[in-house]
Structures are given as C-alpha cells and as structure tokens.
Amino acid sequence: MIHLKTPQEIEEFKGAGALSKMVLRRVGAMVRPGVSTFELDQLAEQLIRMHGGTPSFKGYGGFPGTICASLNEQVVHGIPSPDVILREGDIVSIDTGATVDGWVGDNAWTFYCGEPAPEVKALCECTRDCLVAGIEQAVPGNHLGDIGHAIQTLAESNGYGVLRDYVGHGVGRRMHEDPNVPNYGKKGKGVKLQAGMVIAIEPMITLGTNRVTVGKDGWVVSTNDGKAAAHYENTIAITNDGPVILTQDKQGSWCSMQGGVM
Ligand code: MG
C-alpha cells in the first residue's frame, strides 16, 4: 500500500532529508587513503545524534552500522569496519539515512578516494546522470516504468549493467515502503505516479555483469565478476510542481556534489 504524504508532511520530511545529506557530505569529505570505513561510520553517527536525529540504518534488520560503505566491486550494504582501510584509487559508495521527527531520509553517493581509474570514474559519472534522468521522470501522470526506463536506457547505452536484484523504494515513516522503484522498466508501465508519493531513486550500475552475490557476512552485495559498481540515491517527493529532492542541505543543490569529490 502506498502512503501518500500531504504537502505539510512533505515540508516536515525536509528536516530528515537535510540532515541525511549534510551527514553524507561531511562523511564524503573525510574520504581519503588511510581512513577506515569505521571512522566514517563514527562520524556519521555523531553528526546525526548531535543534530537530534537517529541513524535510520542502525539495527535495521540487524544492520550494525550508521552508514553502508561499499568499496569498488561492492555495490551496496557494506558493513563499516576498522579493518577496511581506503586506498588510493578506490571508490566508496556511502549510503546513509537519518530519522528526524519520525521521517526517514535516505541518500547515497559514490565518492572517489584519490584518483580512480578513468573507466571507473566514467561509470560513476554515468550513474550520477542516471539518477538525474530518473528524477526527471518523477512527475505526476508518469509511471514507475518511466523512471526505470530512463535509468536503464542511459546505463545500458553506455555498456553498463543494471542490477535487477536490488531496487529503490517508497520512503516515509518507514525506510522501505511501497512501491518498489526498479532501475529498469518500460515506458508507461507500472504504478502511476501521483503527487504525495515519496520515493528513493537509487541507480546501482555496474562496469561489467549485473549479476551479484551476497557476502559471507550476510550483507555486502558484490558483483560476480569483481568489476566496479556505483550507487547514487536521493529521496524525492513527487509534487504537482515537479520532483522535489528532499535530501538537500543548506549548502544548496545536491548537484554541487557532482564529480564525486567535494
Ligand atoms: Mg534506499
């Protein structure tokens, strides 16, 4: 069942979205060789609690972290660890969410640690463009398939893979609500979009195969061929004035994070 939000609720939602983006930005600024993903996680948790939020991911299904930190061939759901140290040329996809006033903000970004290989940067840039293309379709009267189609077309026309096993989702007072928001689809198919829907659009795009496997820890999702994957996400409200990115902070447009470095 899809929970539609009132304009008032969408306004309230912006608090969670702003904190989620601020935390993502601050954590991303800490990405450099020698830093562990556990240090990134600690910073995220401190920031969220300092600003009156609670980490949305921590304890969700038993997940131990405030952030998911997924390196290189890892697509999503990497568990932060003191043993995972970032190295020059890595990419790290950080996904985090803060709950504020009962609303869950959910956002992700793939950051560069130093200078990744050109083909890996190109993958990241395309995945970011996929997020933009998906958001553009998030308008009343369109269908979910329009979002997925836009993302899939852009990714596959550049020779990249689109995950089928993991998808975006509705967001609200729970992190995962209906509907599922696939990164693939057919124009005009699927649920019709209407004002008041809030969804997390999150393309997960791969350099090689789109086949993935869950690791021994029961969480981390990695590509079967060991090639890189990228992941970008925003929480979006569908309104009669167009898509509104709820995961925005005072530093302005999330677009200022383009390039993967800050
Ligand atoms: Mg999500």
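The values are calculated or read from the model by the stated rules, or taken from the named source; none is laboratory data. Keep in mind it's a predicted model, so treat the numbers as computed, not measured. Here the Cβ positions follow ideal geometry from the backbone for every residue, glycine too, while neighbour counts run over all protein chains shown. Areas reflect the complete protein model, heavy atoms only, side chains present, ligands, DNA and RNA absent. Shrake-Rupley method; radii C 1.70, N 1.55, O 1.52, S 1.80 Å.
Key figures
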item	result
Spatially close lysines, pair count over the chain: Cα under 18 Å, gap of eight or more or interchain	6
Reference-scaled alpha-carbon Rg (2.2 N^0.38 Å with N residues) for the chain	0.92
Point-charge dipole on Cβ atoms (K/R +1, D/E -1) for the range 20-133, about Cα centre, debye to 20	340 debye
Under-5 Å amide H pairs with L246, H placed in peptide plane, nonlocal only	T235, I236, A237
14 Å beta-carbon shell around T54, net charge (K/R +1, D/E -1)	+1
Neighbour net charge for D129 - beta-carbon separation under 15 angstrom, K R +1, D E -1	-3
Which of C113, G52, N72, positive extreme of dipole for the chain (C-beta unit charges)	G52
Carbon + sulfur, % of accessible area of the chain - ligands and nucleic acids excluded, 1.4 Å	50 percent
Candidates G78, G190, G53: whichever shows maximal mean-square fluctuation once the chain is modelled as a Gaussian network with Cα springs under 10 Å	G190
Point-charge dipole on Cβ atoms (K/R +1, D/E -1) for the chain, about Cα centre, debye to 20	260 debye
Solvent-accessible area per residue, Å², over the range 58-132 with all protein chains present [probe radius 1.4 Å]	32 Å²
